[in-house]
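Right, one structure below, let's go through it.
The values are calculated or read from the model by the stated rules, or taken from the named source; none is laboratory data. Everything numeric here is computed off the predicted structure, so don't read it as measured data. We place every Cβ from the backbone using ideal geometry, glycine too, and count neighbours over all the protein chains shown.
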Amino acid sequence: MTHADLPHVLALQHICYQPDFHEPLDAFESKLRAAPDTCWVISAGHASVQAYLVSLPVADEAYPVLHASQCDASTLPDELYLHDMAISPTLRGSGASRRLLQMAIEQAHSMGLQRLSLIAVQNSASFWMRQGFHARQPTSPQVADKLASFGSDAMLMSHTLAHNLGGA
């Protein structure tokens, strides 16, 4: 993802998410500045952005709240937080979400991270469960507050990464 993609990312966000989840441009700019290597887009042909994933390496469950305009990179991350993924209606069922998730898994592995986490919204928990994520309870009042910022039906979910422990 580049800064030039952001207007298209915002447009896709407006198609895929309810208004309460529409984040402003400065929120995306901050996340992209903090973690340019963990934000991706898929474009179809000459069309604009058709899918995206914004993820952030975080430590100690320091997940950003929804609409946060300031996001700082963690110097010692222990997980990759999948903040936002959207797939255009024309690409749904094409495997775009699996490609983006695979990019996140590969990046997390290369960074030595232990898990992926996300907050499922808009009844997406069953999709994430099919991808190997499991619901979990917030581990602190701060994480519970962040979860609450995504609405009453938001669900904290994680996927533990298997690491190859054998030497090559």
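Worth a mention:
Residue-wise test of (1) in contact with a helix residue (DSSP H, G or I) (Cβ under 6 Å, 6 or more places away or on another chain); (2) at pLDDT below 95.
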| position | (1), (2) |
| --- | --- |
| Ile87 | yes, no |
| Ser94 | no, yes |
| Arg99 | no, no |
| Ile105 | no, no |
| Ala120 | yes, no |
| Met129 | no, no |
| Pro138 | yes, yes |
| Ala144 | no, yes |
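- Scope the stretch 9-45; condition within 15 Å of the chain's Cα centre (by Cα), under 22 Å from Arg99 (Cα atoms) and assigned to a helix (DSSP H, G or I); matching residues: Val9, Leu10, Leu12, Gln13, Cys16, Phe28, Lys31, Leu32, Pro36, Asp37, Thr38
- Count of residues meeting criterion [out of contact with any helix residue (DSSP H, G or I) (no Cβ under 8 Å at 6 or more places or on another chain) and farther than 22 Å from His159 by Cβ] in the stretch 53-84: 1
- Only one of the listed residues (Tyr81, Tyr63) is aromatic (Phe, Trp, Tyr) and in a loop (DSSP other than H, G, I, E, B). That residue is Tyr63.
- Ala59 fulfils the conditions (1) exposed (fewer than 14 other Cβ atoms within 10 Å of the Cβ); (2) at pLDDT below 90; (3) of a type in the set (Gly, Ala, Ser) except for a single criterion, (2).
- Being farther than 20 Å from Leu91 by Cβ, surrounded by fewer than 15 Cβ atoms within 10 Å (Cβ to Cβ), free of Cβ contacts under 8 Å to residues at least 60 places away in the same chain and in contact with a Ser or Thr (Cβ under 9 Å, 6 or more places away or on another chain) holds for only one residue in Pro19, Pro24, and it is Pro24.
- Checking the stated criteria, Thr90 turns out to be among the β-branched types (Val, Ile, Thr), loosely packed, with under 15 Cβ neighbours inside 10 Å and touching a residue at least 24 places away in the same chain (Cβ under 8 Å).
- Members of the stretch 59-76 that are without any contact (Cβ under 8 Å) to a residue 40 or more places away in the chain and more than 16 Å from Leu118 (Cα to Cα): Asp72, Ala73, Ser74, Thr75, Leu76
- Number of positions in the stretch 46-56 that are of a type in the set (A, V, I, L, M) and either surrounded by fewer than 20 Cβ atoms within 10 Å (Cβ to Cβ) or not in a strand (DSSP E or B) (or both): 1
- Looking only at the stretch 134-149, residues that are among the basic types (Lys, Arg) and part of a helix (DSSP H, G or I) come to 1 in all.
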